[in-house]
1. Compute the separation of the alpha-carbon centres of region B:56-91 and region B:159-179 and state it in Å as a whole number.
2. Is the C-alpha gyration tensor of region B:240-356 telling us rounded, prolate or oblate? Criteria: a/c under 1.5 is rounded; beyond that, a/b larger than b/c is prolate, otherwise oblate.
3. Starting from the eigenvalues of the Cα gyration tensor, five times each then square-rooted, give me the equivalent ellipsoid semi-axes of region B:90-195, largest first, whole Å.
4. Using a 1.4 Å probe and counting only protein heavy atoms, arrange A:HIS114, B:HIS293 so the residue with the most accessible area comes first.
5. Can you give me the angle between helix B:289-298 and the longest principal axis of chain B, using Cα atoms only, in degrees from 0 to 90, rounded to the nearest 10?
6. Provide the packing ranking of A:211-221, A:56-66, i.e. peptides ordered by the mean count of other C-beta atoms within 10 Å per residue, highest first.
7. Per residue, how big is the convex hull around the C-alpha atoms of the protein assembly as shown? Give it to me in cubic angstrom, could you?
8. What share of the DSSP beta bridges in chain B is antiparallel, in percent to the nearest 5?
Amino acid sequence: MTNKELVESLIYTKPEGLTSAVTHYCPGCTHGIAHRLLAEVIDEMGVREETIGIAPVGCAVFAYDYFNMDFAEAAHGRAPAMATGLKRVSPDKVVFTYQGDGDLASIGAGEILHAAGRGENITVIFINNAIYGMTGGQMAPTTLPGQRTTSTPLGRDVEMHGFPLRMCEILSQLDGAVYVVRRSLHNVANIRKAKKAIRQAFEVQRQGLGFSMVELLSSCPTNWGMSAAEALNWIEEHMLPAYPLGDYKVSPAISKHGGN
Amino acid sequence: MAKELLKGNVAFAEAAIRAGCEAYFGYPITPQTEALEHMSKRMPELGRVFLQAESEVAAINMVYGAASAGVRVMSSSSSPGVSLMMEGLSYIAGSEVPVVLVDIMRGGPGLGNIAPSQGDYNQIVKGGGHGDYRPIVLAPATVQELIDLTVEAFDLAEKYRCVVIVLADGSLGQMMEPAELPPMQVVRPVDKRPDWALTGAKGRDPNVITSIYIDPAIEEVFNRKLMAKQAEIEVNEIRYREVLLDDAEIAVVAFGTAGRIVQSAVKAAREEGIRVGLLRPISLYPYPFERVHRLAEQVQAIMVVEMNGGQMVNDVRMAVEGLVPVSFYGRMGGMVPLPDEVLEEIRKVQASIDVAG
Amino acid sequence: MAKGRIVVNELYCKGCELCTSVCPKDLIQIAVDRFTPKGYHPAELVDPEGACTGCAICSIICPDAAITVYRWVPADKVKIKV
């Protein structure tokens, strides 16, 4: 028996995994999208009350104000080490770090490498927007060759500053890393794929399989000096060729969680 | 429990285990590595956490993470390694999570050497990391004290939600002597973790462990809270030992291994009729300023002996407030003073009193 | 065609315009005549003909979770009633 009478139904609203706080992120900043996807996944998995997040230093430094769950704020780059300590003494909790490119790929390069190498059973959300946002637009380890920043005013000169680091490619080489993928937040289709990857990464942790990381190509309209929409186009035109999307490591141990 | 012959590094590690330490994160460095090795064997046996980190920087941040979960956790290291931990210690202090650290000091600066030193006094006792905070610092002079103070360190860290550092030197870490280990305490059950800890926000508002107070006015309120806690610590937690001070005309102030050496020299000087005694501070923060000041009102001269270029002597001078002359004798670079050297210095002080008198 | 509507929470909306660029029916505009409490011109649904299908694409791109989406569905398929 079915009831075909039409009634108004709630299709989408702010997830419970987010607090009611208004974020400090600039208009159109994709940090907000990443936060939302994380909160949606945590809600859908029903793990909000057993999840502990670790915030970085950088634009997401106040993430603990925005996520409605237990949170710690790490020193710059040390979130994977802090997550290691937390997870080792609380193995039944879901522990994730949320890190930008300066935090993860520059000052915290050692900590992320070894957390991945140990197969630490944590999930890392890596926001790559090719620039330092919080300090006002300086060169990041992921800044593209030729990209202008406030510390590479003439564009990143690889003779002087070297080349960008591709963290998915690097970490996927490590035996301890079981799920390492790169996604992008530059349009709706890719945002949907990003959410699936985040879900998969959390499922990997729930199954105790080891280190999982989702890199999200993200925008920084303010420090890139463009509108929010132009910034999304910039991701597509400039970042995708340098940081190809894809599954860099999907361990055979990972069984599909059954879609989302 | 009977006394047994124990090496300092092994003794404090086992003492920590018996104090209910649930997790140890560290990095090998001489002269404290036996502690890490002991932990690597014992912690897994007991179903607890041992992890050799990729660096001291990572180790202290793992400690920070585990402490945020509300468990008893520690690390140990030696001078250069402790320098690397200073960032993490500042965050830990700024987040008010309880952490125990043992620093088995060695010669410096820089890579220095692996011989015993007290050269970290200024760094450890005055805070070490950036910002306004002070760890409780306890300085043992024997393996037994190293054991007892390590156990006490966990209680103090939890009582005040602060960093407690046991400050010893390489000779104490490496030395073997008879000592008694404490009974095994029960590890805190998972469901008894403190209410501030990160345990998952089940049926309560989320907990946040952070050291950020972006509004200066609020940061100052937090700073004042830390200061108030320190004031409480300064009232409650001063510890020192006195030897033959009742009738003393000369007081020697020395901590840790230097204090132990001075004790031998004081006994020898007494045999020569010199009225000298020893004040051995055990809590270096909070420092026994008041006791040193009263001593200055009693004696005619004070001498400070340290295994460094003169660090604690500044605290002694501050306490003495110019009431009597304060002299200093120090050995550096990993050199340990002999009782005879100290005795000779005591004689010099006696001679200066005789001339002045 | 399904019928729906969106509600933009002006506390959260920062007027970034991303929703306006992705709406398949081009029904979202920036309200230049007013400001949000944070001082932005908010996005709003301008849908006199009831063309919104409640597809929720705007909510997927919104960085501030400012958009709530409703859709008319058969009563037996309702997940969350309004």
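The values are calculated or read from the model by the stated rules, or taken from the named source; none is laboratory data. Nothing here was measured: the structure is a model prediction, and the numbers come from that model. Counting neighbours? That spans all protein chains shown, and the Cβs are built from the backbone with ideal geometry, glycine included. For accessibility, only protein heavy atoms count, side chains too; no ligands or nucleic acids. Shrake-Rupley method; radii C 1.70, N 1.55, O 1.52, S 1.80 Å.
1. One Cα centre to the other: 16 Å.
2. rounded
3. Computed over region B:90-195, the values are 25, 21, 9 Å.
4. A:HIS114, B:HIS293
5. 10 degrees
6. So the peptides A:211-221, A:56-66, ranked by packing, come out A:211-221, A:56-66.
7. 184 Å³
8. That works out to approximately 25 percent antiparallel.
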